[in-house]
1. Report which label in (1) 34, 22, 20; (2) 61, 31, 16; (3) 36, 26, 20 holds the value of semi-axes √(5λ) of the Cα gyration tensor in Å derived from the coordinates of this structure.
2. So in the chain, what percent of DSSP beta bridges are antiparallel if you round to the nearest 5?
3. What ranking, highest mean first, results for peptides 227-234, 134-141, 175-182 when packing means the other Cβ atoms within 10 Å averaged over each residue?
4. Please list, in chain and number order, the residues 5+ apart from TYR351 or on another chain whose amide H is under 5 Å from its amide H, with Hs placed from the backbone.
5. Per DSSP H run of n ≥ 4, the term is -39500 (n - 2.57); total these for the chain, divide by its residue number, and report the mean residue ellipticity at 222 nm rounded to 500 deg cm²/dmol.
6. Sort 310-323, 94-107, 285-298 for me by packing, meaning the mean count of neighbouring Cβ atoms within 10 Å per residue, highest on top.
7. Among LYS87/LYS174; LYS152/LYS321; LYS84/LYS321, which pairs are too far apart, with a Cα-Cα distance over 25 Å?
8. Placing unit charges on C-beta atoms (Lys and Arg positive, Asp and Glu negative, everything else neutral), compute the dipole magnitude of region 32-130 about its Cα centre in debye, rounded to 20.
Amino acid sequence: MRPITARITSSRLPTDPTKWTDLKVIEFQPKTFQADDVELTITHCGVCGSDVHTLTQGWGDAKLPLVAGHEIVGLVTRVGDNVKEFKSGDRVGVGAQIGSCLSCRACKDGYENYCLQAISTYNAEYPDGVVTQGGYSTAIRAHQQFVFPIPKEIDSVHAASMLCAGLTVYSPLKTHGCGPGKKVGIVGIGGLGHYAVLWAKAMGAEVYAFTHDDSKMDDIKKMGADHIVNTQKKEFWKDYPQTFDILLSTRDVMGDKMPLGDFLSMLYVHGRFITVGLPDSDDPLPSLHAFDFTSNGCLVGGGHIGSKQECLEMLELARSKGIKPWVEEMPMHDVGKALQNLHDNKVRYRYVLTQDIA
């Protein structure tokens, strides 16, 4: 296969981080094709907050030049000899993970997303030294374990952002028992948070959406939230003592103003506060005291994308319930604009790029 054409960050990025949206098209070396691999031509790719954090160096130094994008949908063009699940012409997706060891305890237990040798779809490295490059491109290769069949009832533009944003919140909701009879709070209604509202409602929970943005109130009601909690209200948490079974935080900005201990006070006995938003490395969680855990025995945790089994379950939920995310389409050549708008919180609620650089 010839090198893949891709839209990547400008070579000026290492010396001038303010140019992280200044992009150009080049060719790059794809993954070395192996017997378990699936090759696909990319038709759609979502734009994720992870892309911004990586390109701005917020999570540390990136492997430049870099092709970001890990919410990928396309058509299979080639499969390895060991691949039985897919064939040429199938519509499939690839998310934020593209490899793991497949032999450790986590992998064997169906938790390949927690493998200590997990390989990210971009800004990582294969064992042979090839750097992983993502979906702001024309094609990609992936191990079959990290390729997902897209149900025919789900449009590609809707499926794309499910493969990171959707899965990142579906996995902890499923893991921690979201369902009928449970009260679930979603903290932060952006790309991830809006998915969390859609999934939690579809799973049968009573859904509370926490937001400080008055302009999103009508949207949140249309998404199906049963209640909206305005976090601009002084000491809002005092209205909800020991209320929630799950509080799922999608915030990717923390700082000292995040009243984490007060959020924990809203959890029911042994309730869980789960954070899936990942701020820049210099923005840690606020400090806690042991007393913050004594009134309800609450638990604090996190999550890392999701497994293949969880992804298939999520796609079936979307298919069976007719769930559609709130997305805005843009041509792939406008990815720089999409990234800037995402950084400036101007998207409602996820950008999806459509292929036009092939």
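The values are calculated or read from the model by the stated rules, or taken from the named source; none is laboratory data. Since we're looking at a predicted model, the values are computed, not measured. Backbone-built Cβ (ideal geometry, glycine too); neighbour counts: all protein chains shown. Just so you know, the surface numbers come from the protein's heavy atoms only, side chains and all, with ligands and any DNA or RNA stripped out. Shrake-Rupley method; radii C 1.70, N 1.55, O 1.52, S 1.80 Å.
1. Of the labelled values, this structure produces (1).
2. Values: 33 of 60 bridges.
Antiparallel: roughly 55 percent of the beta bridges in the chain.
3. Values: 227-234: 13.0, 134-141: 27.0, 175-182: 15.2.
Those peptides, ordered most packed to least, come out 134-141, 175-182, 227-234.
4. Amide H neighbours of TYR351, under 5 Å, 5+ apart: VAL47, GLU328.
5. Working: 9 runs with 74 residues, N = 358.
Result for the chain: -5500 deg cm²/dmol, rounded to the nearest 500.
6. Working: 310-323: 17.4, 94-107: 19.9, 285-298: 12.4.
Packing order, densest peptide first, comes out as 94-107, 310-323, 285-298.
7. Working: LYS87/LYS174 30 Å; LYS152/LYS321 14 Å; LYS84/LYS321 29 Å.
Cα-Cα > 25 Å for LYS87/LYS174; LYS84/LYS321; rest within.
8. Details: 7 positive and 13 negative charges, 28 e Å.
For this selection, approximately 140 debye.
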